[in-house]
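In what follows, a single structure is set out as structure tokens and then discussed.
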Amino acid sequence: MEIALSKKFLCACTVHRSLVSSVGIMVLFLITASWFLVSSRSSTFPLSVKVAEDIQNTENTTKMGSGNHSDGQLILDARDIPFAESKKSRKAEAGEDSNSLESSTKTVTGRLDSSISIWAPASPNTSSHSSNSGKTKFGDCDLYHGKWIYDPTGPLYTNITCPVLTQSQNCQGNGRPDKDYENWRWKPDQCNIPRFDARKFLEMMKGKILAFIGDSVARNQMESMLCILWQVEAPRMRGNRRMHRWHFRSTSTTIVRIWSSWLVYKSADKLAPRGIVKVHLDKPDEAFFEFLPMFDVVVLSSGHWFSKGSIYLLNGEIVGSQLRHSDRDRRNHINSMIAYNIAMDTVLTAIATHPNYTGITILRTYSPDHYKEGSCSNNVEPAKKLSGNGHTVMMHDKQVESFKEAVKKVSNGSKLRLMDITEVFGYRHDGHPGRYRSPDAKNLVGRHLDGRTQSEDCLHWCMPGPIDIWNEILFEILKREL
């Protein structure tokens, strides 16, 4: 309308030339100012965007199959593996099935029963994730408080469509009779986490390296990520015993896994019983630290190995141990909990101050186990309330304490983020392999095989299963950072 009026005034320029010139200038100013306000608002508010023995036994039997491809290169070709992509899953990724989550009649757990909403990012100037901070929040959406909702859409892949799935986490392949544990999704109170879009993830990570560093739970999460991405592209596996690498050629994205059980340096103790190592609490593990500058994103996983037998050192001196009936226990005061706190301080501070590292470090908090009298196999849906586990709570708190201190020390331009999954996954006692940790489980009678009681795995996670949600949360974090 303003443009039309300006034209009308200009047509009368022969009569009121000076007056029309003034009006024309005013109209032009108003149009320019309006355009500026609209464009600035668009940039501020973009379109809405949806958002201890078992450990050793598992590592000895899996180790990512390193015995098969420890040296040289192994090219994995999944052209014969069917892609698990359906119209229903594409609709879910586009947000068209969000109502189906709320319409479910299955039991849900969590704090509030709010309706699903689509998260719209806040202004970059006010968003709480604009600097190193504690729990990762986006605008007003806390990703870590909500409920578990049954989603009949099903998992992102199956044990048939993922060729890199470790057998001990292949619960369906090992004979587990129920499948509902694959279908529960995490729903934050204030927003919706969309299904993982593998193509969008690869595009976002174009030319970048994502490294999962830590213990067997890090391997568990890394395999989940590979299984998801494998549905759209088969990567090439390269690397050796020190570093496993999967390269996606379409976007030159690389997924890395490095084994580091304590994240700090360890050495052998010739005087200690077999399997007992010295853990140097004040030295980061060179197994990954020397490669740190090459990584764009690092996901850390640790904690469970501190319950294993070990000797703790500071400045080369023994200061404590995790040994039973040992003189060292009586002579020194640092127990496994304090040792873990010191180790996390060491690692996070070293990363935050490394002069050549500018990437994003995500500390994924302590993964809860669900051993109850040595078993977890009778759980078929999420718990309705959390059961107390003092050890898990203390390990989690030590991580958060170290994280907060490290954030204050960041001096290299890198970012530290906390992926706080401990309480959320405390409900998922149904998501572990339990007795279905090997193909032999098909022959079990209760917990017995050939008359012997079989141990259960209530630490690692079935695949597909709850651990896939970790990578959906990881994707949400990286969307905001990258």
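The values are calculated or read from the model by the stated rules, or taken from the named source; none is laboratory data. As the structure is a prediction and not an experimental result, all values here were calculated from the model. Positions of Cβ are backbone-derived with ideal geometry, glycine not excepted, and every protein chain shown enters the neighbour counts. The protein model used for the area step is the full one, side chains on, heavy atoms only, and it has no ligands, DNA or RNA in it. Shrake-Rupley method; radii C 1.70, N 1.55, O 1.52, S 1.80 Å.
Over segment 233-361, what is the percentage of antiparallel beta bridges among all DSSP beta bridges, to the nearest 5?
Counting DSSP beta bridges with both partners in segment 233-361, the antiparallel share is about 70 percent.
Once amide H atoms are built 1.01 Å from N in the peptide plane, which residues 5 or more positions from M419, or in another chain, come under 5 Å H to H?
Hits under the 5 Å cutoff: L363, R364, T365.
Using every Cα-Cα pair within segment 338-411, state what percent have a distance larger than 16 Å.
59 percent
Once you put a point 7 Å from the Cα of N315 and another 7 Å from the Cα of I160, both along the Cβ direction, what distance in nm separates them?
Spacing of the two 7 Å Cα→Cβ label points: 6.2 nm.
Counting only protein heavy atoms and a 1.4 Å probe, tell me what percentage of segment 355-482's accessible area is made up of carbon and sulfur.
Solvent-exposed carbon and sulfur of segment 355-482 make up 48 percent of the total.
Stretch N443-T353 to full length: gain in nm at 0.36 nm per residue minus the Cα-Cα span?
27.1 nm
Taking amide H positions as placed in the peptide plane 1.01 Å from N, state which residues far from F212 in sequence (5 or more) or on other chains have amide H under 5 Å from it.
Close amide H contacts, sequence-distant or interchain: V256, R257, I258, V299.
How much length is gained on full extension from V393 to S252, taking 0.36 nm per residue of separation minus their Cα-Cα distance?
Result for the pair: 46.8 nm of gain on full extension.
Short version: ³J(HN,Hα) in whole Hz for each residue of segment 334-347, in order, from phi by Karplus 6.51 cos²θ - 1.76 cosθ + 1.60 (θ = phi - 60°), x for Gly and Pro, what are they?
Ordered by residue, 3J(HN,Hα) equals 7, 8, 5, 5, 5, 4, 5, 4, 5, 4, 5, 4, 4, 5 Hz.
Using alpha-carbon positions, what is the distance between the centroids of segment 187-222 and segment 227-301, in Å?
Here the two parts' Cα centres lie 17 Å apart.
Quick check: residue separation of N335 and K384 times 0.36 nm, minus the Cα distance between them. What number comes out in nm?
That pair, N335 and K384, stretches by 14.3 nm at full extension.
Nearest-5 percent of antiparallel DSSP beta bridges in segment 293-393?
Percentage antiparallel, nearest 5: 50.
Please arrange K266, K208, K385 by accessible surface area, largest first, computed with a 1.4 Å probe and ligands excluded. Each step should come with its number before you reach the end.
Details: K266 85, K208 55, K385 160 Å².
Largest accessible area first, the list is K385, K266, K208.
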